[in-house]
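No value in this document is a laboratory result; all are computed from the given coordinates. Only a predicted model underlies this, so the values are computations on that prediction, with no experimental measurement involved. Please note: Cβ atoms are built from the backbone with ideal geometry, for glycine as well, and neighbour counts cover all protein chains shown.
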Amino acid sequence: MIGGTDFVIPTAAGATGLEACLRVVERHWPDAVAEDAERATPLVRLRDLTGDAQAELFVYPDAATARKWDELGAVPELIGTMIHFTLSDTSITVTVDDVPPTEIRMMLDEMSRALTSRGSPGNGIVHAPGAAKPAG
């Protein structure tokens, strides 16, 4: 990521809320893969993730893009090709590029709606508290 912006979606939905977010991503990126950001696990297709609630995930459009991130790091050509999810008891934080491309903005809107629809514990607000700059 070149810079980064955190979008905090208030929800107590926990792992179920994260699964809803990942379903949104999969609709846009059908070949999406994820890795557990805390344990650096091997890549897993979103549809193959187990029910275990990972607290942090890096999600990429496909395995080839994930490999490019491993090889090149945060370079301009990879803008808009990774989403970082962080799950807490009260929210899901979605970290994206400072200026996310249209498709990612659409995903953010869909995630917020999915977590704030009737019957969901969210409150309909997505907060963008500021940029989180990566080290280095």
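What list of ³J(HN,Hα) couplings, whole Hz, do you get for the range 110-116 from phi and the Karplus terms 6.51, -1.76, 1.60, once you set θ to phi - 60° and write x for glycine and proline?
Coupling constants for the range 110-116: 5, 4, 4, 5, 5, 8, 10 Hz.
Label-point separation (nm) for Asp70 and Thr16, each offset 7 Å from Cα along Cα-to-Cβ?
3.5
Grab the alpha carbons of the range 26-85, take their convex hull, and tell me the volume per residue in Å³.
Given the Cα convex hull of the range 26-85, per-residue volume reads 84 Å³.
Translational diffusion coefficient, Stokes-Einstein: compute it for the range 1-110 using the Kirkwood radius over C-alpha pairs as Rh, at 25 °C and 0.890 mPa s, and state it as an integer in µm² s⁻¹.
177
Step through the residues of the range 65-77 one at a time and calculate ³J(HN,Hα) from phi using the Karplus curve (6.51 cos²θ - 1.76 cosθ + 1.60, θ = phi - 60°), rounding each to whole Hz and writing x for Gly and Pro.
These are the phi-based 3J(HN,Hα) values: 5, 4, 4, 4, 4, 5, 6, 9, x, 7, 10, x, 5 Hz.
Given a Förster distance of 41 angstrom, what is the FRET efficiency for Ala40 paired with Arg105, based on the Cβ-Cβ distance and rounded to 0.05?
Taking R0 as 41 Å, the efficiency between Ala40 and Arg105 is 0.90.
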